[in-house]
Amino acid sequence: MSDAWTPSPRQLERAALVRRQRHQRTLTAVVVTTVVLGLLGLGAVSSPGWERFRETFLDGEHMRAALPAVADGFWTNVAMFLIAEPLILLVGILVAVTRRTVSPWLAPLRLLAVAYTDLFRGIPTLLVVVLCAFGIPAMRLSGVTNSLFWLTLVALVLSYGAYVAEVVRSGIDSVHPTQLASAEALALSRPQAMRHVVLPQALRRVVPPLMNDFVSLQKDTALISAVGVVEALRAASDYGNYHFNYSALLVAAAFFVVVTVPLARLTDWLAARAMRRERGLAR
């Protein structure tokens, strides 16, 4: 039985050199980052208005006092995000699939889908929130709620549904036409091919951009404060207006960062995994 393989001295030397270079790059990055952050911090604390800024936005006592109200308001943001996300995904898929239909009988639906995506991608989300919150109650529709929470939720779903529809449509377009042809050769109808063959592949490919849209959605739930819904930003603003100190705004910002940063890192990981998968299939 042959002896186990052992690396040659040259290979060991090369591996050691690679490790040293990696450690040097890491050390250089740490030093440069520390120096840059230190200079930025020094520039901030040495500015003429630093003391005024610290008293107005970095007062620890006001932060602790505002924390309970901001935390209660943030649950409204979380609830709206959790309810809106699946609805937005559903709207986006339905609109994207409708735009890819070829039946002449569905031409009116395709036209409506195109008009919907063009319209709501062109209107600022804040304006959609205001229009839904004040415009729908003004119509006095029977059986329609006047709750600002649900009206603003509808606004976010309409606005983000248009963006997600375009993301999903790009994923559908990225699936090679031979996939659809192969499904039809197996006696699948076009709707069945779309459901079982094309759409699953399309959704897997667009997971990273979809996650980016949902990260933005979590932040944009703060837009509902413009119409009086009490959430984290509104609670922080009310506290600041009452006490003439706006440290509560940074408390609200911290709540959003705690949620959005992990989502952003998850998005990066999913994008890297998708890239590795594509490179593996290309080999």
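The values are calculated or read from the model by the stated rules, or taken from the named source; none is laboratory data. Note that the structure is a prediction, hence the values are computed from the model and not measured. Cβ placement follows ideal geometry from the backbone for every residue including glycine, while neighbour counts extend to all protein chains displayed.
List of remarks:
- Any pair with Cβ under 8 angstrom, 6 or more apart, that starts in the stretch 167-192 at a residue that is under 20 Å from residue 106 (Cβ atoms) and ends at one that is loosely packed, with under 11 Cβ neighbours inside 10 Å: 190/102
- Among the residues of the stretch 71-78, none qualifies, meaning not one is of a type in the set (Gly, Ala, Ser), more than 22 Å from residue 219 (Cα to Cα) and exposed (fewer than 15 other Cβ atoms within 10 Å of the Cβ).
- Flag for residue 118 being surrounded by fewer than 18 Cβ atoms within 10 Å (Cβ to Cβ), modelled with pLDDT of 90 or more, closer than 27 Å to residue 244 by Cα and assigned by TED's automatic domain parsing to the domain that holds residue 263: no
- Any hit, the stretch 152-175, residues being loosely packed, with under 14 Cβ neighbours inside 10 Å and over 17 Å from the mean Cα position of the chain (by Cα): yes
Rundown of residues vs (1) surrounded by fewer than 20 Cβ atoms within 10 Å (Cβ to Cβ); (2) among the aliphatic types (A, V, I, L, M); (3) in contact with a helix residue (DSSP H, G or I) (Cβ under 8 Å, 6 or more places away or on another chain); (4) not in a loop (DSSP other than H, G, I, E, B), yes/no style:
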| position | (1), (2), (3), (4) |
| --- | --- |
| 224 | no, yes, yes, yes |
| 230 | yes, yes, yes, no |
| 241 | yes, no, no, yes |
| 250 | yes, yes, yes, yes |
| 253 | yes, yes, no, yes |
| 256 | yes, no, yes, yes |
| 259 | yes, yes, yes, yes |
| 269 | yes, no, no, yes |
